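K.L.:
Dropping a structure here in structure tokens format, bear with me for questions.
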Amino acid sequence: MKTKIRILHVDDSVHDRILVLDALEKEHGEYEVVSADNRNKFEKLLSECEFDLVLSDFNILGFDGLQVLEVVKSKKPDLPVIIVTGTGSEEIAIQAMKMGAADYVIKSVKHIQSLSPTIKSVLEHKLLVKNHNEALELLKENEQLFKTLAEEAPVGIFKTDSFGNTTYVNPRWCEIAGLNFQEANGKGWINAIYPDDKNMLTEEWQKALYNNSPSVIEYRF
């Protein structure tokens, strides 16, 4: 069974809450909407329950959408907020987006029909950002693991970019080459190569780059 998208809807107008529900009910039960018509109820629900998204009207009695946004960002910064605003209030909506709102929808019978696609787009973007951040974190962990293993390796290890610029050398490589990292950095590592092997190594390297192919070369220090 598909999990419903849980939405916390903050709006003190019964008419506007019905307008939103009517727009979302066309999606055949994809959404579970929990309403809050005042600040206390909103903050209680936000603290005690889990939601995928907050949908907030801009004009709420004694409260406004920007304040809703501030509360969400302080308590659950990863929870996206969509602002629903009246026609002619686009400047307010843009201000809300500058403060961190994920998007906005104009509150009219015509424009409210875009609410569901907007919600799905916002949640898809959130998932992409989450996956991207997780991939970056995994990359950092792998790089740290490589560095830890390389530092203790009994063989010389060095890394270069695709242009042949050194980005890393381990301690054993420095011992073999007689260069420290600062001296090996960039193209400096070539200075450790035996003079008669430099041209051959450079030519083979350029050939591998041109053909985008692996390169196995024996050379002397």
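K.L.:
Does residue 169 count as surrounded by fewer than 10 Cβ atoms within 10 Å (Cβ to Cβ), more than 30 Å from residue 47 (Cβ to Cβ) and touching a Leu at 6+ places or on another chain (Cβ under 8 Å)?
P.N.:
In short, no.
K.L.:
Starting from residues that are part of a loop (DSSP other than H, G, I, E, B) and surrounded by 17 or more Cβ atoms within 10 Å (Cβ to Cβ), keep the ones in the stretch 38-59 and report whichever is modelled with the lowest pLDDT. Spell out the reasoning first.
P.N.:
Within the stretch 38-59, the first condition is being part of a loop (DSSP other than H, G, I, E, B), and the residues that meet it are 38, 49-52, 58.
When the remaining residues are screened for being surrounded by 17 or more Cβ atoms within 10 Å (Cβ to Cβ), the result is 51-52, 58.
Values: 51: 95, 52: 95, 58: 81.
Among them, the one singled out is 58.
K.L.:
So, in the stretch 71-93, exactly how many residues are loosely packed, with under 15 Cβ neighbours inside 10 Å, at pLDDT 90 or above and in a helix (DSSP H, G or I)?
P.N.:
Residues flagged as loosely packed, with under 15 Cβ neighbours inside 10 Å, at pLDDT 90 or above and in a helix (DSSP H, G or I) within the stretch 71-93 amount to 2.
K.L.:
Any residue at all in the stretch 139-146 that is of a type outside the set (Lys, Arg) and exposed (fewer than 10 other Cβ atoms within 10 Å of the Cβ)?
P.N.:
no
K.L.:
Which of the residues belonging to the stretch 3-18 are in contact with a helix residue (DSSP H, G or I) (Cβ under 6 Å, 6 or more places away or on another chain) and touching a residue at least 60 places away in the same chain (Cβ under 8 Å)?
P.N.:
Passing the criteria: only 11.
K.L.:
Follow-up. Given the criteria surrounded by fewer than 15 Cβ atoms within 10 Å (Cβ to Cβ), under 17 Å from residue 118 (Cα atoms) and either in the same structural domain as residue 129 (by TED's automatic domain parsing) or under 27 Å from the mean Cα position of the chain (by Cα) (or both), does residue 62 qualify?
P.N.:
Taking the combined requirement at face value, the residue does not satisfy it.
K.L.:
Shifting gears a bit: When both residues are 6+ apart or on different chains and their Cβ atoms are under 8 Å apart, which pairs have a first residue that lies in the stretch 131-146 and is on the phi > 0 side of the Ramachandran plot, and a second that is modelled with pLDDT of 90 or more and surrounded by 10 or more Cβ atoms within 10 Å (Cβ to Cβ)?
P.N.:
none
K.L.:
Something else: So residue 164 fits all but one of (1) surrounded by 13 or more Cβ atoms within 10 Å (Cβ to Cβ); (2) at pLDDT 85 or above; (3) not β-branched (Val, Ile, Thr); what number is the exception?
P.N.:
(2)
K.L.:
Within the set of pairs 6 or more residues apart or between chains, which connect a residue that is assigned to a loop (DSSP other than H, G, I, E, B) inside the stretch 197-221 to a residue that is surrounded by 13 or more Cβ atoms within 10 Å (Cβ to Cβ) and among the acidic types (Asp, Glu) with Cβ atoms less than 8 Å apart?
P.N.:
215/204; 217/204; 219/197; 220/197
K.L.:
Same structure again: In the stretch 164-196, which residues are free of Cβ contacts under 8 Å to residues at least 24 places away in the same chain and either polar (S, T, N, Q) or in a loop (DSSP other than H, G, I, E, B) (or both)?
P.N.:
If the condition is that a residue be free of Cβ contacts under 8 Å to residues at least 24 places away in the same chain and either polar (S, T, N, Q) or in a loop (DSSP other than H, G, I, E, B) (or both), then 165, 166, 167, 170, 179, 180, 182, 185, 187, 191 are the ones that fit.
The values are calculated or read from the model by the stated rules, or taken from the named source; none is laboratory data. Nothing here was measured: the structure is a model prediction, and the numbers come from that model. Cβ sites come from the backbone with ideal geometry, for glycine too, and all protein chains shown count toward neighbours.
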